[in-house]
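To keep things clear, I will list the structure first and then write my remarks on it.
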Amino acid sequence: MPVYWPDNAKTAFGTEILRADHPFDQSDLFSDDGLAHLLDHYPRHLLEIWSFGSDQAGKSPALKGRAPRLPGKDIVDAVKHGDVWLNLQRSNFELPDLKPIADEIYGSLEDTSGRRARQRDMNLLISSPNVEVSYHIDVPMVALFQVRGYKRLWVYPRDREFAPPEHVEQLIHMNRDSDLPYRDAFDDEARVFELKPGMGLTWPQLAPHRIRNANCLNVSLSCEFMTLESLVNTNAIYTNAFLRQNMNLSPSALNGIGPVSLSKAAFASLHKALQSQDRERASTPITFELDTSVENCVKPLWA
Ligand SMILES: [Fe+2]
């Protein structure tokens, strides 16, 4: 089952948005029955269930839920009729059925880019009609493969106006959520893509983006990975945050591998190793249970 990337992918990889064609939308693994089977075999305690609320401007806080006893087919039903977003994180490790697909995707990325794809986490996303994922950045590189349904993706420039360096640094230090301040005027500079089944996209690391589902169930594979360049870049930004907080400096963001970024990356590795404080982000408490008998299938736990 081949994945096709454009001919210019090797030179454009990491700096431009690239579009792929893939065949995974044809797989029975992602039919309603297939998704129910995957959900029944996925460790339920790892299943992330979120509801982003009815505020379509994306300003209401995301709520975290659970579904400890619901059969997979009822969870699929809840996503179809509710207002939720499921993340089966690390599905390439937790679901053997999906490992061949992950291998195919990451193999194609390596072949086309000429770079090793490390730290491979393929997240299976199953989300309700009209769900919006607000303006944010991801630390790893991402290749998003659309399998079922349609969604609109806005990708924004990576400069300081769209992603202030202080926010990016704090995210990398795990001190804050990945959401960024958003203004409607940003959309004037966005590249907009209509994702459909059989289509994949990857964009430069740390490019801000947001997503809105069409009025249908959406199934996507969010394939996170790191290249050597993105690892060095991430560690260099980590060091920038240290310089800004502790030495009152205003370092600039970096791109690419050079003597400065490499020395900053080396410092970051050392600093992380020596740091004793727990850098875990405070986890969001679970406040609802998935329930097909209530509106939006979101039942508050203590109502
Ligand atoms: Fe993202």
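Numbers for the structure displayed
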| quantity | calculated |
| --- | --- |
| Cα lying deepest toward the dipole's positive end in the stretch 12-162, options N87, L38, S108, charges on Cβ | N87 |
| Mean Cα-pair separation over length for the stretch 1-97, i.e. relative contact order, pairs under 8 Å, 6 or more apart, % | 27 percent |
| Net charge contributed by nearby residues that have their C-beta within less than 15 Å of G72 (K/R +1, D/E -1) | -3 |
| Filtered trypsin sites (Lys or Arg not before Pro), the stretch 122-195: DSSP coil and at most 15 other beta carbons within 10 Å | R160, R176, R183 |
| Approximate shape of the stretch 83-138 as ellipsoid semi-axes (Cα gyration tensor, √5λ), whole Å, largest first | 25, 16, 9 |
| Ascending count of other beta-carbon atoms within 10 Å, so fewest first, for V232, V192 | V192, V232 |
| Where only C-alpha atoms are counted, convex hull volume of the stretch 67-176 per residue in Å³ | 158 Å³ |
| From phi via Karplus (6.51, -1.76, 1.60), per-residue ³J(HN,Hα) for the stretch 129-138 in Hz, x at Gly/Pro | x, 6, 5, 10, 9, 6, 4, 7, 10, 10 |
| Nonlocal amide H pairs with G53, under 5 Å, H built at 1.01 Å | L63 |
| Cα Rg, Dmax (largest Cα-Cα span) when computed across the stretch 19-125, Å | 15.6, 45 |
| Charge context of R90, other residues only, Cβ under 13 angstrom, K/R +1, D/E -1 | -2 |
| Karplus-derived HN-Hα couplings along the stretch 147-157 (A = 6.51, B = -1.76, C = 1.60, θ = phi - 60°), whole Hz, x at Gly and Pro | 10, 9, x, 10, 8, 9, 10, 9, 10, 10, x |
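Quick note: the coordinates plus some simple rules give every number you see, no bench work behind them. Note that the structure is predicted; figures quoted are calculated from it, not measured. Because the Cβ atoms are built from the backbone with ideal geometry, glycine has one as well, and the counts that use them run over all protein chains shown.
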